[in-house]
Amino acid sequence: MNSIKHLLITQIFKSIIIIFLSTIFLLNITFYLFSNDQFQKEIERQFDALYNMTAHLSMEDNLQTLEIYLEHYSHTNEVIIHFKNDDGVSVFSNDDEHLLQRFEEVYYEDILVGFIAVNFESSSLSKDMLYGFIGLNLLSFTLFALGVLILYNFLKKENTKIKNDLIHIGIEDSIFTYSEIRVIHEELISNRAQKDQQKNIYEAHIKSLAHDIKTPLSVLKIYADSLINDMLEPSKEILHEIQEEVGKISDLIPKFIEHDYNELPYDQDISIYISKFVKKYREIFDSKRISIETHIEPFNLNISDKDLERLIEHLMMNAFYYSKHHSKIKIIVDENMRKLVIEDHGIGMSAETIQMIMKTPYRAIEAMMMNEKGSGIGYQIIKEIIKRIGASIHIESEINQGTKVSVVFL
């Protein structure tokens with residue numbers, strides 16, 4: 001099982017190290033290519049200067065000055081040089097290990113004056129490039145280590161904050177660092193309150209039924225005691241009364257088993273469920289690039305979870321099925337007007353279609369062309385719920401313009 005600490009530290013560190021090493025690799029390649037290019041250009045420039053000066057001094061037969069110049073140049077620039085005159089006699093060489101094998105002819109105005117070989121690999125310029133390369137990597141790794149330390153301490157603190165937030169989820173009057181966890185906390189508290197209220201209503205419902213069943217049971221007990229103790233004589237009238245009381249009990253029994261939590265109406269904020277519905281089915285609406293615009297106010301309504309779910313689901317999915325791609329669906333919950341409005345910009349309906357769907361299960365040709373699935377009973381279900389909760393429904397629609405459904409609660 002994954003943990004938040006593992007996610008924040010191990011996984012993030014792994015990603016950062018991969019990114020860092022990839023960045024260092026790219027920087028090194030870039031630095032190498034750029035430095036090597038500059039190094040080669042600088043070597044060519046220095047070699048040209050050395051070549052020209054050597055040719056000039058050789059032409060003047062000033063070998064002593066040439067030797068001093070080459071010695072000074074090799075010492076200053078830390079390079080290995082070997083120069084021979086045109087007869088192949090060595091004039092100057094600091095190549096003690098005999099590394100130089102390739103000589104180039106030295107000309108002064110088309111006159112051969114000697115042969116020269118130079119190795120710049122040990123030069124100060126080459127060392128500067130190497131030191132720069134090493135320095136870049138040392139700086140990078142130092143900054144990386146510092147960044148990792150700072151990031152580790154930050155993630156450690158944030159991990160503590162998240163754990164503290166998680167511990168306080170569900171505890172009243174808690175203060176949270178992260179807004180997302182606070183939202184979860186508020187939803188949990190709200191759901192818990194609604195469930196507690198729903199449970200209380202259900203328990204009250206059971207107590208009411210138990211009270212209703214107690215009266216006929218008491219009557220039956222009285223009759224039974226009286227008959228057992230010969231205080232009453234069995235008669236048709238008494239048996240009819242006993243049968244009537246048993247019938248009352250039989251009528252109450254289904255009420256115990258037919259109702260559950262979801263079917264019992266209670267006072268709840270319908271804006272909470274609507275907001276959850278929009279979040280839950282966001283990807284479905286995104287599949288048609290449909291944007292959802294909401295203006296939802298808190299609004300308490302006495303309705304069961306099952307009726308609320310079916311009402312919102314039918315209205316919203318109708319809007320989805322018959323909306324065009326890249327269109328918009330608007331949801332409004334107006335507390336003052338006690339109204340729920342769902343408006344789409346879909347294929348719309350004619351006045352005749354509106355009349356038909358409110359009377360009987362019906363689907364217009366345009367609806368069947370837009371969406372093959374469907375039985376046409378959606379609005380019949382909506383009508384039943386509207387009637388059960390004492391609300392009213394009004395539909396405004398135009399072909400190819402969209403549909404606006406308004407539910408007004410009493």
Q.
Can you give me the orientation-averaged projected area of the convex hull built on the Cα atoms of the range 4-125, in nm²?
A. 10.4 nm²
Q) How big is the charge dipole of the chain about its Cα centre, in debye rounded to the nearest 20, if each Lys and Arg gets +1 on its Cβ and each Asp and Glu gets -1 on its Cβ? A) 2720 debye
Q: Please give the contour-minus-distance gain from LYS328 to LEU220: 0.36 nm per residue of separation, less the Cα-Cα distance, rounded to one decimal in nm.
A: 32.5 nm
Q.
Placing +1 on the Cβ of each Lys and Arg and -1 on the Cβ of each Asp and Glu in the range 4-125, which of TYR73, LEU125, SER58 has its Cα farthest towards the positive end of the resulting dipole?
A. LEU125
(Q) Given Cβ point charges of +1 (Lys, Arg) and -1 (Asp, Glu) and nothing else, what value in debye, to the nearest 20, does the dipole of the range 1-119 about its Cα centre take? (A) 1520 debye
Q) Which GluC sites (Glu not before Pro) from the range 16-67 combine a DSSP loop assignment with at most 14 other Cβ atoms within 10 Å? A) GLU60
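For the range 61-156, compute Rh as the Kirkwood radius over C-alpha pairs and then the Stokes-Einstein diffusion coefficient at 4 °C and 1.567 mPa s; write the answer in µm²/s, rounded to an integer.
Reported coefficient: 78 µm²/s.
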Q: Write down the percent of antiparallel bridges among all DSSP beta bridges whose residues are both part of the chain, to the nearest 5.
A: 85 percent
Q: State to the nearest 20 debye the size of the charge dipole of the range 63-187 about its Cα centre, where the only charges are +1 on K and R beta carbons and -1 on D and E beta carbons.
A: 920 debye
**Q.** Whole-Hz couplings from phi, Karplus 6.51/-1.76/1.60, listed for the range 66-83; x for Gly and Pro
**A.** 4, 5, 4, 4, 5, 5, 5, 5, 5, 6, 5, 9, 6, 10, 9, 10, 9, 10
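Calculate the translational D of the chain in whole µm² s⁻¹ from Stokes-Einstein, where the hydrodynamic radius comes from the Kirkwood formula applied to all Cα pairs, the temperature is 25 °C and the viscosity 0.890 mPa s.
Translational diffusion coefficient: 77 µm²/s.
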Q) How much FRET efficiency would the formula 1/(1 + (r/R0)^6) give for PHE13 and GLU42, where r is the Cβ-Cβ distance and R0 is 60 Å, rounded to 0.05? A) 0.90
Q) So what's Rg/Rh here for the range 146-251, counting alpha carbon atoms and using the Kirkwood radius for Rh? A) 1.58
Q: Grab every C-alpha pair in the range 267-409, bin the distances at 5 angstrom width from 0 up to the longest one, and report whole percents.
A: 2, 9, 20, 25, 21, 15, 7, 1, 0
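Give, in nm to one decimal, the length gained when the segment between GLU71 and HIS394 is fully stretched (0.36 nm per residue of separation minus the Cα-Cα distance).
On the way: separation 323, 0.36 × 323 = 116.28 nm, distance 10.37 nm.
Residue separation times 0.36 nm, minus the Cα-Cα distance, leaves 105.9 nm.
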(Q) Can you tell me the length gained on complete extension of the stretch LYS156 to ILE381, counting 0.36 nm per residue apart and subtracting the Cα distance? (A) 75.7 nm
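Equivalent-ellipsoid semi-axes (√(5λ), Cα gyration tensor) for the range 18-74, whole Å, largest first?
Over the Cα atoms of the range 18-74, the ellipsoid semi-axes are 42, 10, 4 Å.
If you average 1/r over all unlike Cα pairs in the range 259-329 and invert the result, what Kirkwood radius do you get in angstrom?
13.1 Å
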Q: Set the Förster distance to 25 Å, then compute FRET efficiency between GLU283 and GLU203 from the Cβ-Cβ distance, nearest 0.05.
A: 0.05
Q. By counting other Cβ atoms within 10 Å of each Cβ, how are LYS404, LYS195 ranked from fewest to most?
A. LYS195, LYS404
Q: Find the centroid of the Cα atoms in the range 318-346 and in the range 18-57, then give the distance between the two in whole Å.
A: 67 Å
Q | Note, ³J(HN,Hα) from phi for the range 313-319, Karplus 6.51, -1.76, 1.60, rounded to Hz, x at Gly and Pro | A | 5, 5, 5, 5, 6, 4, 4
Q. Considering only PHE141, ILE189, ILE284, whose Cα is most displaced toward the positive end of the charge dipole of the chain, charges sitting on Cβ of Lys, Arg (+1) and Asp, Glu (-1)?
A. ILE189
Q: Can you list which of the trypsin sites (Lys or Arg not before Pro) found in the range 279-356 are DSSP loop residues with at most 12 other C-beta atoms within 10 Å?
A: ARG289
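Which value results when the Cα radius of gyration for the range 283-361 is divided by 2.2 N^0.38 Å? If you can, show how the numbers build up before the last one.
On the way: Rg = 13.9 Å, N = 79, 2.2 N^0.38 = 11.6 Å.
Rg over 2.2 N^0.38 Å, computed on Cα atoms: 1.20.
Values quoted throughout were computed directly from the atomic coordinates according to the rules given, and no laboratory measurement underlies them. Just so we're clear, the structure is a prediction, and the values are computed from it rather than from any experiment. Ideal geometry is used to build each Cβ from the backbone, glycine not excepted, and the neighbour counts take in all protein chains shown.
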